[in-house]
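What follows is a set of notes on a single structure, which appears directly below.
The values are calculated or read from the model by the stated rules, or taken from the named source; none is laboratory data. Fair warning: this is a prediction, and the values are worked out from it, not measured in the lab. For neighbour counting, all protein chains shown are included, and Cβ atoms are generated from backbone atoms with ideal geometry for every residue, glycine included.
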Amino acid sequence: MDTPPLTPATLLLTLDILGTFVFAMSGAAAGVKKQLDVFGVCVLAFVAATAGGLARDVLIGAVPPAGISDWRYIATSLAAGAVTFLWYPRVQRLNTVILVFDAAGLGLFAVAGTEKALAYGLDPAASAMLGMLTGIGGGVVRDVLVNEVPVVLRADLYAVAALAGAAVVIFGSILHLPGAIMAPTGAVLCFLMRLVAIRRRVNLPVASEGAGVRQ
Amino acid sequence: MDTPPLTPATLLLTLDILGTFVFAMSGAAAGVKKQLDVFGVCVLAFVAATAGGLARDVLIGAVPPAGISDWRYIATSLAAGAVTFLWYPRVQRLNTVILVFDAAGLGLFAVAGTEKALAYGLDPAASAMLGMLTGIGGGVVRDVLVNEVPVVLRADLYAVAALAGAAVVIFGSILHLPGAIMAPTGAVLCFLMRLVAIRRRVNLPVASEGAGVRQ
Amino acid sequence: MDTPPLTPATLLLTLDILGTFVFAMSGAAAGVKKQLDVFGVCVLAFVAATAGGLARDVLIGAVPPAGISDWRYIATSLAAGAVTFLWYPRVQRLNTVILVFDAAGLGLFAVAGTEKALAYGLDPAASAMLGMLTGIGGGVVRDVLVNEVPVVLRADLYAVAALAGAAVVIFGSILHLPGAIMAPTGAVLCFLMRLVAIRRRVNLPVASEGAGVRQ
């Protein structure tokens, strides 16, 4: 049988679609928990998967954004929404698997978002922030829509991991290191930070309202 | 007395203004319920009437959006806000009338949004989603601002009706059917779906968190 | 010692940075209250300081927005976030000072936002609304993210003061009065309205859900 060769572009698209699918599942799961109907669940799946990229594209002027103009992302989101809706109890049991995929998606989105911002001529600091936004934006909008304080602002090195992945790309760009090495490095760093944070329940300190900083 | 002839353009503008007015009333009513002051009520009226169109225009690159660059929409929103604020108890008694107008506004906005996206060169799937966004976006932002899970994601075939109206336009566009027939058909289909859903309290199924799908 | 001369441009930039700092502190304080970690606090600081300007720039097509493409705003926001996080109890005791700076920032942002919208060719009504949005947008997004009804829609002439400042600029623009006079006048008017509202606890009327208008 003739299989197509696994080029970097094919690999990247595959990972991107996988990241979209997993993020969409997180949105759909939030919708099921809030007792949204099947359509609301699919909308939330789509939003969780694409809001970060949409915000980035609107801010850098890349309109219409890929998230709505490429049917593959729409189809992937809706498929994830349908799967989660139909087999929610089983999806829940896959919780650990999903967390791992979600960490992979975060690394990928953060790195890809940073590179796109750099390609559109934004400076390094702005590109790193847009990379982070690409990674966490979907989760923020998802939680706002189901009326909760975004979990990505609260827990387990989520936004920090995204920023770290973005920072590796920026660092490589400033030093003119090859992107084919720095991009995967950034994504893997973000991925590993999240895994460690989840396993050990590592959190950043929160400030005390009464006095000083609590660890 | 000489009245101007009722051209399709005049009719469309009239319906558009009417839809804006009704959507603005829904925003204003939400503001009054949350005890916002008169200004907050007017802001919410404006947001509920225009947020869907603003989001669509930003995503397709049609800036500045008509919702803020055409004074008639601003004036209509503020008038609806003032009317609702001053006569809230009476407005409430008109609840059924408002639901009917709201259904009409939804159909109109969904169809008009789809056509605008097509005119800007987006592909069919993206245009249908943007049409739906035009119809439900205002209600989503309105509910987020008053700190509630958007009702349009939860109830009574709201988003589905908007998408159905958009789908009719897309279907017509693909088959090169005349827009002058397909657009009203889409709007009327959306309108009727909402009316039936309201009368019979039709809802889509929600998933059970425990097991399987509940009807 | 040689100090640079205080040109209007230098003064404006200084005020703009100061406004950014104070708005960022309000975002950081909201994050600390919700027990976000240090990173979430910084994100919220950045959002509160820049969301109004970002929304305005996206709506008028000025992308990438200054709020993300100029590192000074990012650095200022993060500094404000760090300061608030580390010394929250002391920051709280400065509450009155912060309210005064916040009023100054509001006036400045509202006026600057109005002028930018006019410069991009928007008509007067739209420019005034975008000026108000620049002033209140950050506070709205901040409150939505920590899951509260935006306080700027509820209290103490906040949005009204921003709109009044914007209106002065519009008024001057229509009558071709010199901007060097009208802009400061608008900012000062907004500033004073807020101070009076805070001191006297002036609020706009809210509508009664039962009957009529309550004062």
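See the values below:
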read-out: Helices (runs of 4 or more DSSP H) contained in segment C:83-164 and holding at least 2 residues crowded, with 24+ Cβ neighbours inside 10 Å; value: C:95-119, C:124-145
read-out: Residue list for segment C:180-194, restricted to those being touching a residue at least 40 places away in the same chain (Cβ under 8 Å) and loosely packed, with under 15 Cβ neighbours inside 10 Å; value: C:Ala180
read-out: Condition met for C:Arg142 (among the basic types (Lys, Arg), at pLDDT 90 or above and more than 16 Å from C:Ala104 (Cβ to Cβ)); value: yes
read-out: Test for C:Gly67: is it assigned to a helix (DSSP H, G or I), within 12 Å of another protein chain (Cβ to nearest Cβ) and in contact with a Cys (Cβ under 6 Å, 6 or more places away or on another chain); value: no
read-out: Filter result (farther than 21 Å from B:Ala103 by Cα and facing chain A (nearest Cβ under 10 Å)) within segment B:125-147; value: B:Ala125, B:Ala126, B:Asn147
read-out: Criterion (within 20 Å of B:Val58 (Cβ to Cβ) and of a type in the set (Gly, Ala, Ser)) met by exactly one of C:Gly107, C:Gly139, C:Gly81, C:Gly113; value: C:Gly113
read-out: Single condition A:Val41 does not satisfy, out of (1) under 30 Å from C:Ala66 (Cβ atoms); (2) surrounded by 24 or more Cβ atoms within 10 Å (Cβ to Cβ); (3) not polar (S, T, N, Q); value: (1)
read-out: Filtered residues of segment A:34-52 (kept if touching a helix residue (DSSP H, G or I) at 6+ places or on another chain (Cβ under 9 Å), farther than 21 Å from A:Leu108 by Cα and not hydrophobic (A, V, I, L, M, F, W, C)); value: A:Lys34, A:Asp37, A:Gly40
read-out: Among the candidates B:Ala167, B:Ala211, B:Ala207, residue that is within 14 Å of chain A (Cβ to nearest Cβ), at pLDDT 90 or above and under 30 Å from A:Trp87 (Cα atoms); value: B:Ala167
read-out: Some residue of segment A:86-103 being over 22 Å from A:Gly172 (Cβ atoms) and modelled with pLDDT of 90 or more; value: yes
read-out: Complete set of residues in segment B:23-64 that are of a type in the set (S, T, N, Q), in a helix (DSSP H, G or I) and more than 18 Å from C:Ile136 (Cα to Cα); value: B:Ser26
read-out: Count - residues of segment C:39-59 that are free of Cβ contacts under 8 Å to residues at least 12 places away in the same chain and of a type in the set (Gly, Ala, Ser); value: 1
read-out: Residues satisfying the stated conditions in segment B:12-49, i.e. within 10 Å of another protein chain (Cβ to nearest Cβ) and among the β-branched types (Val, Ile, Thr); value: B:Val32, B:Val38, B:Val41, B:Val43, B:Val47
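For every residue, the table says whether it meets (1) within 21 Å of C:Leu122 (Cα to Cα); (2) more than 14 Å from every other protein chain (Cβ to nearest Cβ); (3) modelled with pLDDT under 95.
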residue	(1), (2), (3)
C:Leu157	no, no, yes
C:Ala162	yes, no, yes
C:Ile174	yes, no, yes
C:Gly179	yes, yes, yes
C:Met182	yes, yes, yes
C:Ala187	yes, yes, yes
C:Leu192	no, yes, yes
C:Leu195	no, yes, yes
